[in-house]
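Asks: Could you have a look at this structure, given as structure tokens, before my questions?
Every read-out reported here was derived from the displayed coordinates using simple, explicitly stated rules and does not represent laboratory data. Everything numeric here is computed off the predicted structure, so don't read it as measured data. We place every Cβ from the backbone using ideal geometry, glycine too, and count neighbours over all the protein chains shown.
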Amino acid sequence: MTPDAVALSGPRFQTEPASLYREMRKEHGAVAPVLLDGGVPAWLVLGYRELHQVTNDAALFSRDSDLWNQWDNIPEDWPMLPMIGRRQPSILYTVGERHRQRAAMLSHALERVDPSDLRKCAENHADQLLDAICADGTADLIADYAMLLPVRVLAHLYGFTDDEASGLVAALNDMIDGRERAITGQSHLATSMAQLLADRRVRPADDVTSRMTTDTSGFSDEEIVQDLMVMLAAGHQPTANWIGNSLHLMLTDERFAASLFGGRDSVGAAMNEVLWEDSPTQNVAGRWATRDTQLGSRHIRSGDLLLLGLQGANSDPHVRTDSSVLTGGNNAHFSFGHGEHRCPFPAQEIAEVIARTGIEAVLDRLPDIDLAVPAAFLTRRPSPWLRGLTELPVRFTPTRGLSIGRR
């Protein structure tokens, strides 16, 4: 690894990632040397074409984390273990035919989610959350809304109760932020999923977990638990940040001002622009080189870890010669990944329904909504992986809740 490697931490990844990625690309090229917690070396793939190559060539850039040449240097309490993991029997680290079987199991379980039922569920949970804040005239749309809506909907789809969903939010936040509570958060999530699966083995229901138990490919309970954890983490956190980042854009960019007063045409445009410019998932770990190779003029050694710089690739000037062409209705971004480990299409649809329903509910229910603090005061979560706001304080004219109005 080069001596000028960039630490994958620090405030600039939260405050000004676009300029930071530009500087890294200018100094290091399309593949930049980085250091993870504890000085662990890795490569951050920032080039659009290079990222396409890595995610498209599973034989050369494998998802098998056992290949990593740094395992001897990784302590058992390393805070990034939940994001990288070793010998975790989940779809994230499975390759070849077994991976295709697992992807088919997940897709089958998610495809049977009825779109109209999903939208109704999202609307009901959005209304419940907004009922709790609409009479106050002020709220934090991150803590009070965006961080709660996706996990409540997903928990319902998987078979959890609303009460159980609350504990999952804290566990997911701890795990994704990659700090001292990361492993504790992962443990809570695993225990919750194992209990849910055991319950559904005895009492099947019309939910995602029960459908996974009927798969005939011979997956163990541990494998199913791991996949449920992956689906919840991958479905909740990015969707919550998609809602928060889209609302932030619409509240701070005059191009979307009309949507705040009844228009809806630009909600989809704002959501798509966020996937290009302010992607909820910034970086992903990762791929491991199966042999020595070259990538973006860099010599990659066998077993080296490559991090997928999704936001860096989205803003690659080699493909972003005209931003107006690549945003709008263009979906060629990397925000859902690429290749055989790309986010399954049914999961993308579920995330979009939850996010769009959540955003439209806010615009419908909270009249004359506006930021309660200057935009410059807003801060981002301290995560090298996800990009989301720590809070989004807003003010609006107090209104009566729907449950009150129905009495």
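Asks: Using θ = phi - 60° and the Karplus form 6.51 cos²θ - 1.76 cosθ + 1.60, what ³J(HN,Hα) does each residue of the range 222-230 get, whole Hz, x for Gly and Pro?
Replies: So the J values, rounded to whole Hz, are 4, 5, 5, 4, 4, 5, 4, 5, 4.
Asks: Now for a different question. What does the highest-first list of 161-167, 240-246 look like by mean Cβ count within 10 Å?
Replies: 240-246, 161-167
Asks: Could you check which residue among R203, R25, R211 shows the biggest mean-square fluctuation in a GNM of the chain with a 10 Å Cα cutoff?
Replies: R203
Asks: Still on this structure, please answer the following. Report, by chain and number, residues whose modeled amide H sits under 5 Å from the one on A139, excluding near sequence neighbours (fewer than 5 apart, same chain).
Replies: Those qualifying (amide H under 5 Å, at least 5 residues apart or on another chain) are V394.
Asks: Further question on the same structure: For E222 and D77, compute 0.36 nm times the residue count separating them, minus their Cα-Cα distance, and round to one decimal in nm.
Replies: 50.0 nm
Asks: Continuing with this model, one more query. GluC sites (Glu not before Pro), restricted to the range 37-119: which are DSSP loop and have at most 14 other Cβ atoms within 10 Å?
Replies: Hits after loop and neighbour filter: E76.
Asks: What residues have an amide H closer than 5 Å to that of F160, excluding those fewer than 5 places away on the same chain, when H is modeled at 1.01 Å from N in the peptide plane?
Replies: Residues meeting the criterion, in which the H sits 1.01 Å from N, do not exist here.
Asks: Quick one: 3J(HN,Hα) in Hz for the range 38-46, Karplus 6.51/-1.76/1.60 with θ = phi - 60°, rounded, Gly and Pro as x.
Replies: x, x, 6, x, 7, 10, 9, 8, 9
Asks: Springs between alpha-carbon pairs under 10 angstrom, Gaussian network model over the chain: which of G96, G47, G159 fluctuates most?
Replies: G96
Asks: Label-point separation (nm) for N69 and A194, each offset 7 Å from Cα along Cα-to-Cβ?
Replies: 3.6
Asks: When a footprinting reagent is the concern and you count Cβ atoms within 10 Å, what order do F345, F219 take, fewest first?
Replies: The most exposed by this proxy come first: F345, F219.
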